[in-house]
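Visitor: So that we are looking at the same thing, I have put the structure below in structure tokens.
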Amino acid sequence: MKYNKLLWIAIGAALLFAIPAGAGQSLVETVANGCKTEIDTFCKDVTPGQGRVLACLYAHSDKLSGKCEYALYDAAAQLERAVAALTYVVNECADDLDKFCTGVAAGEGRLMDCLEKNDAKVSSRCKEAMKQVGLK
């Protein structure tokens with residue numbers, strides 16, 4: 001149960017921070033730029049947020065250009081790699097999070113701040129994992 005909670009925290013962090021894709025673009029920017037024509041054509045009246053634009057693109061999936069399909073694929077691949085990296089960090093830092101950050105609410109970087117605040121006590125295993133994925 002604890003593992004699932006930490007995994008969802010990691011996934012949420014990936015989605016909230018829109019992990020960089022390629023040359024400094026967020027996942028949202030990657031899709032918005034790659035699918036600009038389709039969004040302007042099929043989804044212009046859709047209010048962004050809560051996945052509505054993606055749902056619109058899905059509804060018109062038979063009409064998407066190769067450029068848009070690639071942007072969607074690229075964003076999904078970037079997100080998958082980011083979730084794998086964050087899952088790795090969650091696994092390596094689980095004991096440290098339990099030990100030092102039990103009362104800290106997840107979100108808005110609070111868990112990372114807690115680990116940084118306790119840097120002198122955080123395990124080398126956790127520090128190395130964060131370093132390997134570029135969080136430190």
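Visitor: Give, as a single signed number, the net charge of other residues whose beta carbon lies under 12 Å from the beta carbon of A85, with Lys and Arg counted +1 and Asp and Glu -1. Mind showing how you got there, number by number?
Guide: Numbers: positive: R81, K131; negative: E80, E92.
Result for the local shell: 0.
Visitor: Quickly rank 65-74, 120-129, 31-40 as a protection proxy: mean count of other C-beta atoms within 10 Å, highest first. Before the final figure, lay out each step's value.
Guide: Details: 65-74: 15.9, 120-129: 14.3, 31-40: 18.0.
Highest to lowest by the protection proxy: 31-40, 65-74, 120-129.
Any read-out appearing in this document is the output of simple, stated calculations on the displayed coordinates, not a laboratory observation. Keep in mind it's a predicted model, so treat the numbers as computed, not measured. For neighbour counting, all protein chains shown are included, and Cβ atoms are generated from backbone atoms with ideal geometry for every residue, glycine included.
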